[in-house]
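Everything on this sheet refers to the single structure shown next.
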Amino acid sequence: MSLDITETTKTKWFALDGAEILVLRIAAALMIINAGLLIFRGGAIDAQAYSGLFALAIFVGALGQFYRLSGRGTGIGDALTCLALMLLFSNSALVFNFLLLPLNGHPIDGYLLQFDTWLGYSWPGIVSWAGDVPWFNELSRFAYISVMPQLTILILLLGFMGKKIWLHRMLLLLVTTTVVLIAFWSLFPSHGPSAMFTLSDEVAAKTRPMVTSEYGQRLLTMMISGPETVTPAHVEGLIAFPSYHTTMAFICTFAAIGLRKLFPVFLVLNLIVLPGTLIHGGHHLADLFGGAILFGLGVWMAERIVRAHLNDYESTQSSANA
């Protein structure tokens, strides 16, 4: 049965739009799959840490529902509800990603390295160069780590400013691209050049990349034997191709169109994310092209969902603002 993403389900206890229900269903499905994987494949999970994250998501969601149902702040309610859904989905997807390990597929990094070589790109080379240009190294580091905070800030701003169409676009983009990303990686795994090259102590000390050669070796071990414990501490992530940091940078820039005056700020910042992803994210150059393609596919999928109901969205928003 199809779900009208513009339709609002409202009860005494909660009010969710169709797009939000869709994301909630996907997050719930992932949680059920995760439980099944833990039972049948085994593995350990940092239950205390993830319980805290899920409790935070429930608290933020409950606060958002309070603002919606009480009528004290529709924009605040939209922002907090979508933020809670992002927390639920992203943590469920991250656990699912790690529980897929170990993988039987042959890594495609050899092909990605050939592509890099053809373009004249070298990960050790760009990391070494960044260490010799300290101001750019630190700027790219800041941009690289800013992506997750950007997502949170954008969700809050779009909600507070009543940009529900853009808010749901962003939420659907995050969900669709993440699902496609994990599905592709499970079939064609990749670990990135940090697992293929060892940086010299001098270069590592100067540049201080976020993803190091040591992490690359731990990643190789996890891909072969699985992680000892699935924990939120694995902030570096698993997937090299496509680069999801690149995809998220495009998503943030795309969503910022809905804010107009702030768009140039997000555009410039996310342009710097791209070299930051190479330097500090331990990526092949090919990974960035993959991330851009994934974003384009996500826009196509999300826009098909939103455009099918855009008139209803605009009518609902006009009525709310009347």
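Since every read-out is calculated from the coordinates, none of them should be taken as a lab result. Given the structure is predicted, the values throughout are model-derived calculations rather than measurements. When we count neighbours, we look across all protein chains shown, and the Cβ atoms used for this are built from the backbone with ideal geometry, even at glycine.
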Every residue from region 64-78 that is over 18 Å from ALA27 (Cβ atoms) and either aromatic (Phe, Trp, Tyr) or part of a helix (DSSP H, G or I) (or both): PHE66, TYR67, ARG68, LEU69, SER70, THR74, GLY75, ILE76, GLY77
Go over the candidates GLY42, GLY110 one by one and state the one that is free of Cβ contacts under 8 Å to residues at least 12 places away in the same chain, at negative phi and out of contact with any helix residue (DSSP H, G or I) (no Cβ under 9 Å at 6 or more places or on another chain). GLY110
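Which ranges mark the helices (runs of 4 or more DSSP H) fully within region 122-238 that have 1 or more residues being more than 30 Å from LEU262 (Cα to Cα) and of a type in the set (Phe, Trp, Tyr)? Spell out the reasoning first.
Working: elements: 123-131, 134-145, 147-160, 164-187, 201-207, 213-225.
Output list reads 123-131, 164-187, 213-225.
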Quick one: which of VAL179, VAL203 is closer than 30 Å to GLU303 by Cα, in contact (Cβ under 8 Å) with a residue 24 or more places away in the chain and surrounded by fewer than 22 Cβ atoms within 10 Å (Cβ to Cβ)? VAL179
With (1) crowded, with 18+ Cβ neighbours inside 10 Å; (2) assigned to a loop (DSSP other than H, G, I, E, B); (3) over 22 Å from the mean Cα position of the chain (by Cα); (4) not hydroxyl-bearing (Ser, Thr, Tyr) as the list, and ASP116 as the residue in question, which single condition is left unmet? (2)
